[in-house]
Amino acid sequence: MTDRFRDPAPGALLRGAGLYCDDIALPGALRVTFLRSDEPAGRIAALDCTEAEALPGVAAIHTGADVAHIGALPVNEVMPLEADCAFPILAQGAVQAVGQPVAAILAETRAQGFDAAEAILLDIDAEAPPPPEAVASRDWHAGAPAAEMARAACRVSARIAHPRTAPLSLETRQIAVRPAAGGRLTIWHSTQTPHRTRSHLARMLGLDPARLRVIAPDVGGAFGMKASLYPEEVYCVWAAHRLGRPVRWSATRSEDFLSATHGRGIEMTGTLALDAEGRFTALEADIAAPLGHWLPNSALIPGWNAARILPGGYDIDALRVSARLSRENRAATGIYRGAGRPEAAALMERLVDKAARASGRDPFDLRIRNLPAPGDLPKSTATGQTLDSGDYAGALRRLREVSDYDARREAQQRRRAEGALVGLGVAFFLEPSGEGWESARVTLGAEGRAHVASGSSAQGQARARSYAAIAGEALGLAPDQVDVSFGDTLTDPEGIGAVASRSTAIGGSAVFEACRAVHAAQEAGETLPITRETRYETSGQAWGYGAYLVQLSVDPETGAPSVEAAFCVDDAGRVINAASVAGQIIGGFAQGLGAALMEAVRFDASGQLLTASLMDYAAPRAGDMPPVTLAEMQTPSPMNALGAKGVGEAGTIGAPAAILNAAIDALAPLGVEELQMPLTSLTLWQAMTRARQE
Ligand code: SMO
């Protein structure tokens, strides 16, 4: 990102040719260090910064009272809020979580900031954390689920407690702020949503958005964790504006574990009823989603998504789903790749697998029996969602074929007879991509090149290549004759951003429509250069979907799991960039595998974070990945101009559900019926040991 055009050359980021927030030269910038609470609850009895303020290099230290006037962060109210949502930039008289910023130090160097933090006298009267407080709730009802449950031929129940997970972007949270004359601020922010950063900052700080320029340079991973502003970041912008000096902050890895948003953490229970023919007749579920001590913009989305997506693609007329979101004295939770979709898929697919076992049916046949035929779409679900297009049963048939399922079942029986613990797990899932709008501005120049400016940015998804391909095809140019820019609120048009698997479907459709307008103007005789800007609105959500199969074995002695093979059938609608789609599925699968097998943010009973470094928090390595066989379906979505569907979260949604089902299938001969993620060797060994004793 050395000039305003994104490098469309493949591998530029992998070669270290990126320019990240912390690479931006900002002479004279003050580094911010936060002194954080080491208690989950308590009153601040003493906070004395006098000694620290006198240390070399320290320009200023701020505490709660200095920033008490800053407005609250807007929360995306997909459910009505039932509690007030304070957004303390720095603790106001009391602390609510371990890791909450209490004081902020502006110093010339990071080391001086650390020294000053140690010299601050902070005394917290620790208290027991209060019980969780209800923040939002919603119920979905259809038909008569209680009556259907009562007369069902078969009922199965399951409970899934998703551990909290850390999004773990390679680049931690970063921000750099440069003030200029007239109250202008240039803000480099490692974000998925630069326009949102600008509008929310303007609102919270009472600044004119026209004076704020937000630039998302290359972003080293985000996964939903960088779609909202953090208290630390708002502080940096306020401090630069207040002091008239450049300010920057980059989180340490431990600070990200402590105070970046966590994903998942949702607990779900559900019951599925079947009639004698194996048709699903009713579903009931309860979803409890933990929120942290403050609410990021996306706080309510995972619980809401988990509920509305839960029945998946299955035909179920009678349903009750209840979602309860409550605040606790811990780090905030927010969206993380999948954002409720993996939670929904894990519970639903566990219920379906249990139902297959309980009713003596084949897991593929039972799923196919309960999915709509292609001619039945579009259709409304019992939670009020409109599924746009696809061949769901066809995806399962395709999976059965590409995975050679029947031969694999036979091989499984042979290995079992020899004492092996090996399982096969199937999962079918949906991936709604976002709705709403994105914009694009396209200029066709006289020199035979085009420039595409998009409001939708990227974090290494090869977005520039996809947009160049879309524009090239629409304008009759080669992709390398198209320059693409995004991520700068000054030069690029307004946009929502790179969230919810929406960027190709909606951002790409905006590019396509702007190109069509340019082309039409050219045909009508307008002379070059021709510029057109489009604000493109989707007709509704495009629902990607997939069917995955995982083969997993468990070491009978140690419980160590090994994912031996994986097969992924995905329908991303019309595919623009096949390499990018494959990369998304494989990368997403790796994150899903991590959540299924090893990842968990752990707190002790007193609220202390036990997993504050990569020494304590396991993340998947290349060696943990199985060979993954990809197969695609392409059913264009009628919901956008390109016919594209989201696929950025697919692997993360399908992998945990399939892995969980495979692990339970592996241990089924011992009588194991339930396992909770992460499926570490300890978890599996304990389940095996308990089962052998019974
Ligand atoms: S979890 Mo995504 O960045 O919507």
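The values are calculated or read from the model by the stated rules, or taken from the named source; none is laboratory data. What you see is a predicted model, and the numbers here were worked out from it, not measured in a lab. No Cβ is skipped: glycine too gets one built from the backbone with ideal geometry, and neighbour counts run over all protein chains shown. In case anyone asks, the SASA skips ligands and DNA or RNA and just uses the protein heavy atoms, side chains included. Shrake-Rupley method; radii C 1.70, N 1.55, O 1.52, S 1.80 Å.
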Kindly list the number of the only condition in (1) touching a strand residue (DSSP E or B) at 6+ places or on another chain (Cβ under 7 Å); (2) crowded, with 24+ Cβ neighbours inside 10 Å; (3) of a type outside the set (Gly, Ala, Ser) that fails for Thr652.
-> (1)
Only one residue in Leu283, Leu291, Leu258, Leu300 is open to solvent by less than 20 Å² (accessible area, probe 1.4 Å) and either over 20 Å from the mean Cα position of the chain (by Cα) or more than 16 Å from the ligand (Cβ to nearest atom) (or both). Which one?
-> Leu283
For Ala202, the lone unmet condition from (1) in a helix (DSSP H, G or I); (2) touching a helix residue (DSSP H, G or I) at 6+ places or on another chain (Cβ under 6 Å); (3) surrounded by 21 or more Cβ atoms within 10 Å (Cβ to Cβ); (4) not charged (D, E, K, R) is (3)
Subset of the stretch 312-335 that is open to solvent by less than 10 Å² (accessible area, probe 1.4 Å) and within 24 Å of Leu424 (Cβ to Cβ) - its residue that is farthest from the ligand (Cβ to nearest atom) | Tyr314
Which numbered condition Gly360 misses (of (1) within 19 Å of Leu310 (Cβ to Cβ); (2) of a type in the set (Gly, Ala, Ser); (3) open to solvent by 60 Å² or more (accessible area, probe 1.4 Å)) = (1)
Positions within the stretch 590-627 being in a helix (DSSP H, G or I) and within 22 Å of the chain's Cα centre (by Cα), in sequence order = Ala590, Gln591, Gly592, Leu593, Gly594, Ala595, Ala596, Leu597, Ala622, Asp624
Any residue at all in the stretch 172-182 that is of a type outside the set (Ser, Thr, Tyr), closer than 17 Å to Cys21 by Cβ and not in a strand (DSSP E or B)?
-> yes
In the set Ala560, Ala542, Ala565, which member is more than 30 Å from Asp404 (Cβ to Cβ) and either open to solvent by less than 10 Å² (accessible area, probe 1.4 Å) or away from the ligand (no atom under 16 Å from the Cβ) (or both)?
-> Ala542
From the list Thr191, Thr186, pick out the single residue that is in contact with a helix residue (DSSP H, G or I) (Cβ under 8 Å, 6 or more places away or on another chain) and crowded, with 18+ Cβ neighbours inside 10 Å.
-> Thr191
Go through the residues of the stretch 336-349 one by one and say whether even a single one is open to solvent by 10 Å² or more (accessible area, probe 1.4 Å), more than 15 Å from the chain's Cα centre (by Cα) and more than 23 Å from Val75 (Cα to Cα).
-> no
Out of all the residues in the stretch 220-242, which are outside any helix (DSSP H, G or I), among the hydrophobic types (A, V, I, L, M, F, W, C) and either open to solvent by 10 Å² or more (accessible area, probe 1.4 Å) or more than 14 Å from the ligand (Cβ to nearest atom) (or both)?
-> Phe223, Leu229
The stretch 407-426 residues that are within 27 Å of Met348 (Cβ to Cβ), paired with ones that are surrounded by 21 or more Cβ atoms within 10 Å (Cβ to Cβ) and of a type in the set (Asp, Glu) (beta carbon under 8 Å, 6 or more apart) = Gly423/Asp665; Leu424/Asp665; Gly425/Asp353; Gly425/Asp665; Val426/Glu349; Val426/Asp353
Only one residue in Ile496, Ile506 is hydrophobic (A, V, I, L, M, F, W, C) and either away from the ligand (no atom under 16 Å from the Cβ) or in contact with a helix residue (DSSP H, G or I) (Cβ under 9 Å, 6 or more places away or on another chain) (or both). Which one?
-> Ile496
Mind listing just one residue for me: the one in the stretch 496-536 that is over 16 Å from Ser637 (Cα atoms) and among the polar types (S, T, N, Q) and, of those, most open to solvent (accessible area, probe 1.4 Å)?
-> Thr527
Looking only at the stretch 423-447, which residues are aliphatic (A, V, I, L, M) and over 22 Å from the mean Cα position of the chain (by Cα)?
-> Leu424, Val426, Ala440, Val442, Leu444, Ala446
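Yes or no, residue by residue, for (1) surrounded by fewer than 19 Cβ atoms within 10 Å (Cβ to Cβ); (2) farther than 23 Å from Arg264 by Cβ; (3) in the same structural domain as Ala86 (by TED's automatic domain parsing); (4) out of contact with any strand residue (DSSP E or B) (no Cβ under 9 Å at 6 or more places or on another chain):
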| site | (1), (2), (3), (4) |
| --- | --- |
| Glu118 | yes, yes, yes, no |
| Pro145 | no, yes, no, no |
| Ala161 | yes, no, no, no |
| Arg178 | no, yes, yes, no |
Could you check, for the stretch 546-556, whether at least one of its residues is in a loop (DSSP other than H, G, I, E, B), in the same structural domain as Gly646 (by TED's automatic domain parsing) and open to solvent by 10 Å² or more (accessible area, probe 1.4 Å)?
-> yes
Please indicate, with yes or no, whether at least one residue in the stretch 624-633 is open to solvent by 40 Å² or more (accessible area, probe 1.4 Å), at pLDDT 95 or above and in contact with a Ser or Thr (Cβ under 8 Å, 6 or more places away or on another chain).
-> yes
